[in-house]
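**Q** Structure below; questions to follow.
Each value in this text was obtained by applying a stated rule to the coordinates, not by laboratory testing. Values in this document were obtained by computation on a predicted structure and should not be read as measured data. Every residue, glycine among them, receives a Cβ derived from its backbone with ideal geometry; neighbour counts consider all protein chains shown.
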Amino acid sequence: MNKRTEGNTQYVNNQFFTKELTAWNKRSNKRKMPWKGIDNPYFIWLSEIILQQTRVEQGTAYYNKFITKYPFIEDLAAADDEVVFKDWEGLGYYNRCRNMLATARRIADEFGGVFPNDYDTILSLKGVGPYTAAAIASFAFGLPYAVVDGNVIRVLSRFFGIEVGFEKAKDKKHYEAKAQDLLDKKKPAAFNQAIMDFGAKLCMPQNPLCNTCPLSKKCYALKNDRIAELPLKKKKLAIKNRYFHYLIIHAKKGIYIKKREEKDIWQGLYEFYLQEQKATPKLWSSAKKLDSEIQLLSHQKIHSTFYEIRANDIELDMSSYHLVNVKDLKNYAFPRSLVSFLERFDYI
């Protein structure tokens with residue numbers, strides 16, 4: 001096939017893709033989400049930040065909570081960090097929450113509470129990458145920027161036979177260029193929503209609905225029996241095991257807790273007295289073992305074991321900890337594994 005014919009085939013495939021995707025969106029796309037179809041940039045930004053590393057089913061409740069409690073970006077900017085962290089509890093990846101607060105405060109201070117309406121400024125906001133910037137720009141302001149998330153990558157890779165990975169920035173540019181080329185510049189929001197929903201509802205990672213797919217006639221992966229191979233999978237990260245031994249120290253007025261300040265997982269969240277090592281700390285022989293919990297993070301597996309003891313029965317330096325009444329523990333943000341423990345043992 002010469003280059004001219006190859007180019008024409010690509011053009012025909014592009015036309016077919018956009019036409020069929022648009023028709024499917026109008027005819028069959030019934031996917032409902034509370035932020036879908038709105039043009040409020042603050043709400044759209046909130047939804048995108050919450051949905052980073054979070055499933056739609058889980059993120060919806062948090063989105064509804066945040067827009068109810070903080071209906072304007074100035075409300076979020078003025079909120080106390082620990083209150084917002086508590087509201088965020090359970091979503092994990094707390095850097096998202098820290099970046100969210102930083103951006104809310106920048107918009108309140110620098111832009112008078114008005115969300116910027118140009119792509120480059122949106123992209124400069126803390127915690128906002130090319131995908132999130134394109135989503136806000138297209139959904140809120142109708143700007144012609146294509147979104148590229150995992151759903152979009154999967155659809156493009158399978159249909160067009162794009163055989164590059166997507167974990168590296170240089171590789172992801174292949175998908176960004178292709179999505180931008182396909183984008184309906186007159187209706188960018190509708191196109192972006194359509195291709196993301198298509199990936200979520202039809203062209204799924206496992207068991208895609210190829211039999212009812214309107215793009216199947218020209219799909220490269222289906223024709224070449226490569227559905228399971230595309231997009232090329234990223235290499236799995238080596239998982240590091242860490243062993244956290246938590247000592248719940250009871251005093252007359254409550255329990256000792258401390259905020260994690262170091263640049264590590266769960267920065268800004270609270271925990272009990274901690275000793276990190278594989279074996280049970282020898283000095284804790286008089287402590288009562290209560291429970292164990294495993295929490296799997298993106299690149300770490302946290303093995304947490306919980307013990308309790310009376311303050312009078314052990315000598316430890318607690319100067320960096322503070323005493324909290326048990327009934328007030330519910331007001332502090334803890335890592336998910338600690339929340340699970342606290343709930344099971346009726347502390348909160």
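**Q** Label points 7 Å out from Cα along the Cβ direction at residue 262 and residue 325: separation in nm?
**A** Simple spin-label model gives 3.3 nm for this pair.
**Q** How many percent of Cα pairs in the chain exceed 32 Å?
**A** Cα-Cα pairs of the chain separated by over 32 Å account for 45 percent.
**Q** May I ask you to list the GluC sites (Glu not before Pro) in the stretch 293-330 that are in a DSSP loop and have at most 16 other Cβ atoms within 10 Å of their Cβ?
**A** Hits after loop and neighbour filter: 315.
**Q** Pick out, from 146, 92, 46, the residue whose Cα sits farthest towards the positive end of the charge dipole of the stretch 3-223, with +1 on the Cβ of Lys and Arg and -1 on the Cβ of Asp and Glu.
**A** Among 146, 92, 46, the one farthest towards the positive end of the dipole of the stretch 3-223 is 146.
**Q** If you only keep lysine pairs separated by 8 or more in sequence, or across chains, how many in the stretch 243-348 come under 17 Å at the Cα atoms?
**A** The result is 8.
**Q** Turning to a different aspect of this structure: Three principal axis extents, largest first, for the C-alpha atoms of the stretch 170-313, in Å?
**A** That works out to 74, 35, 30 Å along the principal axes.
**Q** Compute the angle between helix 130-141 and the longest alpha-carbon principal axis of the chain, please, reported from 0 to 90 degrees and rounded to the nearest 10.
**A** 70
**Q** Next up: When ranked by the protection proxy of mean other Cβ atoms within 10 Å per residue, highest first, what sequence do the peptides 337-347, 51-61, 142-152 form?
**A** Per-residue mean Cβ counts within 10 Å order the peptides as 142-152, 337-347, 51-61.
**Q** What length, rounded to one decimal in nm, is gained on full extension from residue 233 through to residue 124, with 0.36 nm per residue of separation minus their alpha-carbon distance?
**A** 36.3 nm
**Q** Which length gain, in nm to one decimal place, applies between residue 291 and residue 315 when the Cα-Cα distance is subtracted from 0.36 nm times their residue separation?
**A** That pair, residue 291 and residue 315, stretches by 6.4 nm at full extension.
**Q** Once you list every other residue whose beta carbon is under 15 Å from the beta carbon of residue 236, what net charge do they have if Lys and Arg are +1 and Asp and Glu are -1?
**A** Neighbour charge sum, excluding residue 236 itself: +4.
**Q** Given the peptides 162-171, 65-74, 244-253, arrange them by the average over their residues of other C-beta atoms within 10 Å, most packed first.
**A** The packing order, highest mean first, is 244-253, 65-74, 162-171.
**Q** On to the next question. Points 7 angstrom from Cα along the Cβ direction at residue 204 and residue 64: gap in nanometres?
**A** With each label placed 7 Å out from Cα toward Cβ, I get 2.3 nm.
**Q** Enumerate the residues in the stretch 124-163 having an amide nitrogen under 19 Å from the point lying 7 Å beyond the Cα of residue 22 toward its Cβ.
**A** 138-139, 142-147, 156
**Q** Bin width 10 Å, alpha-carbon pairs only: give the P(r) of the stretch 240-344 as whole percents, running from 0 to the bin holding the largest distance.
**A** P(r) for the stretch 240-344, in whole percents per bin: 14, 50, 33, 3.
**Q** Here's a follow-up. Quote the charge dipole size of the stretch 3-223 about the Cα centre in Debye, to the nearest 20; the model charges only the Cβ of Lys and Arg (+1) and of Asp and Glu (-1).
**A** 1300
**Q** Tell me the label-point distance for the pair residue 117, residue 301, using the 7 Å Cα-to-Cβ offset, in nm and rounded to one decimal.
**A** Label-label distance for residue 117 and residue 301, simple model: 5.2 nm.
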